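Below is one structure, written out as structure tokens; comments come after it.
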Amino acid sequence: MNNKYTELLDFDREHLWHPYTSMAKPLPSYLVESAQGVEIKLASGETLIDGMSSWWSVLHGYNHPVLNQALLTQAQEFSHIMFGGLTHQPAIDLGKKLIDLTPNTLDKVFFSDSGSVAVEVALKMALQYWQSKGQADKHRIMTVKNGYHGDTFAAMSVCDPVTGMHQIFEKVLMKSIFAPAPRIFINETWHDDELIELEALFKKHHHETAAFIIEPIVQGTGGMRFYHPNYLKAVRQLCDQYRVLFIADEIATGLGRTGKLFACEWADISPDIMCLGKTLTGGYLTLAATLCTAEIAQTISEGEASCFMHGPTYMANPLACAVANASIDLLIKQDWQGKIKKIEQQFQQELIPLKQFDKVANTRVLGSIGVVETTHAVNVAIIQKRFVELGVWIRPFGKLIYIMPPLVINNSQISQLVCAIKAVLSEDACFID
Ligand SMILES: *Cc1c(COP(=O)(O)O)cnc(C)c1O
């Protein structure tokens, strides 16, 4: 690497925070020069196959001509305009698409900047709903352990109490009600015993519970766990029975990743509120949406405040909406289910057999998500360096090596990802013992 790159990386290390990374002893960051399709080109010369979709967000690959054009076209009209008192076609088109594609009870759309904010909005909607109905006692949120819903305060308070950040911020977090994490996985035999504690919690706390929030089918950051659709059906039924709003956090699962357009479809249920984010713009810009039923919107609007109390500066940013429209069109107009199925089948053939390695506790696949759970935690700095040497971009955490590549990945690129995982599994230095 030449001097210019060294200087850039020195500044980065010295002054820029990276996610969940120490500033005192930072893990190395790799300087990206360009990205195209499924390939990330580093300034140091390596080309890497992307196994991460930049954290669930890239759908059709990097530097896609259609998405680029959508941005350019919108930029030549206007890149941003306030959403208070003004509106625009990109937002209207996107609202139509989302109402059309999501389960049919969802009818009103609130745009915001990021997944965490979409969760804040969902929780505020639930609280304002009960407030407006004169039932302000219903002010607590119920959820399950092993969940992840974002890094802002209300979102943190519904993240897993152990792997989340509860100890550090305990004094300021809302006291949420936690059910055990779903234990029966999607391909296992269902037993109604799974619901005993959940039912007891609903029975005990429903009078003070505004909403139940959960990631449908896939608990992502909280363990990459794929749980049984009957669990989700039961949550829907309990929410109806005890008058608790059901919030589906589809920020990671929404728009195809699990093999269904929305993971709620696995259980054939419709939530009262749904959060979308991550791949909403195909991985181009930050944008999120919180959808709710007409009844929730109506109730909030007839309440004390006579409106929903939230309004981000960059609400429904036109560039983000324009690229989201283009990305959703690209997805819908292709045989995306066939494509996901192909990725899933190749994972079944190549990634599932990695189970036989000593260091592997479990392997699992759902849609275009492949997971290798190891017996020991990974040494992130070392394993990351090895992956780069092996020509792939995979970023494991804890005991989880997982891949969820962009849809446009081909067979040999998938094999390259799996081969790289296979290689590190026999390297002791990549794990902490
Ligand atoms: C990533 C994620 C969030 C938070 O989204 P950000 O855009 O990072 O704020 C919330 N919920 C789930 C399920 C997620 O995967």
Of (1) of a type in the set (V, I, T); (2) out of contact with any Lys or Arg (no Cβ under 6 Å at 6 or more places or on another chain); (3) in contact (Cβ under 8 Å) with a residue 60 or more places away in the chain, T47 satisfies every one except (2)
Of those in region 207-217 that are touching a residue at least 60 places away in the same chain (Cβ under 8 Å) and of a type outside the set (D, E), the residue farthest from the ligand (Cβ to nearest atom) is H207
For region 107-119, the count of residues that are surrounded by 22 or more Cβ atoms within 10 Å (Cβ to Cβ), in contact with a helix residue (DSSP H, G or I) (Cβ under 8 Å, 6 or more places away or on another chain) and either part of a helix (DSSP H, G or I) or free of Cβ contacts under 8 Å to residues at least 24 places away in the same chain (or both) equals 2
Within region 396-433, residues of a type in the set (F, W, Y) and farther than 16 Å from I49 by Cα come out as F397, F431
Of the listed residues (Y284, Y242), the one being more than 14 Å from the chain's Cα centre (by Cα), of a type in the set (S, T, Y) and within 15 Å of the ligand (Cβ to nearest atom) is Y284
Per the list (1) within 10 Å of the ligand (Cβ to nearest atom); (2) touching a Lys or Arg at 6+ places or on another chain (Cβ under 7 Å), residue check on E120 breaks on (2)
Exception for A179 within (1) among the aliphatic types (A, V, I, L, M); (2) crowded, with 20+ Cβ neighbours inside 10 Å; (3) within 16 Å of the ligand (Cβ to nearest atom) falls at (3)
- prompt: Does Y231 qualify as being more than 20 Å from C159 (Cα to Cα) and of a type in the set (F, W, Y)?
  reply: no
Picking from I394, I401, I432, I414, the residue that is open to solvent by 60 Å² or more (accessible area, probe 1.4 Å) and of a type in the set (A, V, I, L, M, F, W, C) would be I432
Among I421, I382, the single one that is under 20 Å from K342 (Cβ atoms) and either surrounded by 24 or more Cβ atoms within 10 Å (Cβ to Cβ) or touching a helix residue (DSSP H, G or I) at 6+ places or on another chain (Cβ under 9 Å) (or both) is I421
When every residue in region 245-272 that is of a type in the set (A, V, I, L, M) and closer than 20 Å to V365 by Cβ is compared, the one nearest to the ligand (Cβ to nearest atom) is A252
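The values are calculated or read from the model by the stated rules, or taken from the named source; none is laboratory data. Quick caveat, the model's predicted, so the values are computed rather than measured. Using ideal geometry, Cβ is built from the backbone for each residue, glycine included, and neighbour counts are taken over all protein chains shown. Side chains are part of the model used for accessible areas, which takes the heavy atoms of the whole protein and leaves out ligands, DNA and RNA. Shrake-Rupley method; radii C 1.70, N 1.55, O 1.52, S 1.80 Å.
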